[in-house]
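Student: Have a look at the structure that comes next, please.
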């Protein structure tokens, strides 16, 4: 189900962490808007999305210059957008995108461990790299999971004014909109207006043909 946090400026409609990150670029009043304009924006999204816990975010802030973190994140996001676009179109994902994901995997030094938190058991990566962890690893893992198991279920919102992507987990796999409260309802309202206008036009035509 598509959800978003009521007080958040970010959108979490993707049903996939990597798609939620792709969706940090969105349309607003006809213009493309980037919600990751600074390192503060990036770390805020990482924390709010659950991509990283608080201690990892604080570690990232200490170890990585902000401009480096933002540049690396946006480079990955561009690749993930390309992956989403190709998957939604039923195309084979470009080898260079897979190679970028593999490059992140090669950088990783550490191990996965189960950690019990308030929400239950979660998988967490522990870095053994003295230079600091690859802070994008959860996005890379999400992309690999999607690429290896989400073929045919990645969609782009059908609104002509929306650039958001989502992983369709509905029972019949017929989800069309990023969210019904937004694009879905706007489409329904537009269709209702179109039908009413067509009906009124037909009535006007009949009135003109009816003799006095």
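Read-outs: derived from the displayed coordinates by stated rules, not from any lab. Predicted model, so just to flag it, every value in this text is computed and none were measured. Cβ: placed from backbone, ideal geometry, glycine included. Neighbour counts: every protein chain shown.
Student: Tell me the Rg and the Dmax, in Å, that the Cα atoms of the range 20-69 produce.
Tutor: 12.1, 38
Student: Okay, next question. If r is the Cβ-Cβ distance from residue 8 to residue 103 and R0 is 30 Å, what FRET efficiency results, to the nearest 0.05?
Tutor: On the way: r = 31 Å, r/R0 = 1.03.
Calculated transfer efficiency: 0.45.
Student: Going by Cα centres, the range 17-45 and the range 58-78 are how many Å apart?
Tutor: 14
Student: For residue 58 and residue 118 in one chain, what is 0.36 nm times their gap in residues minus the Cα-Cα distance, to one decimal in nm? Please list the in-between numbers first.
Tutor: Details: separation 60, 0.36 × 60 = 21.60 nm, distance 1.99 nm.
Full extension from residue 58 to residue 118 adds 19.6 nm.
Student: Moving on. Let me make sure I get this right: for the range 17-177, a, b and c are the square roots of the gyration tensor eigenvalues over alpha carbons, sorted descending. Under 1.5 in a/c it's rounded, otherwise prolate if a/b > b/c, else oblate. Which is it?
Tutor: Details: a/c = 1.64, a/b = 1.41, b/c = 1.16.
Verdict is prolate for the range 17-177.
Student: On to the next question. First measure r as the distance between the Cβ atoms of residue 125 and residue 32, then evaluate 1/(1 + (r/R0)^6) with R0 = 30 Å and state the FRET efficiency to the nearest 0.05.
Tutor: Working: r = 32 Å, r/R0 = 1.08.
For R0 = 30 Å, the calculated efficiency reads 0.40.
Student: Still on this structure, I have one more. Taking N as the number of residues in the range 1-98, what value does Rg over Cα atoms divided by 2.2 N^0.38 Å take?
Tutor: On the way: Rg = 14.2 Å, N = 98, 2.2 N^0.38 = 12.6 Å.
Dividing the Cα Rg of the range 1-98 by 2.2 N^0.38 Å gives 1.13.
Student: What ranking, highest mean first, results for peptides 17-28, 94-105, 67-78, 139-150 when packing means the other Cβ atoms within 10 Å averaged over each residue? Provide the component values of the computation, followed by the final result.
Tutor: Values: 17-28: 22.1, 94-105: 14.2, 67-78: 16.0, 139-150: 19.0.
Going by the mean number of other Cβ atoms within 10 Å, highest first, we get 17-28, 139-150, 67-78, 94-105.
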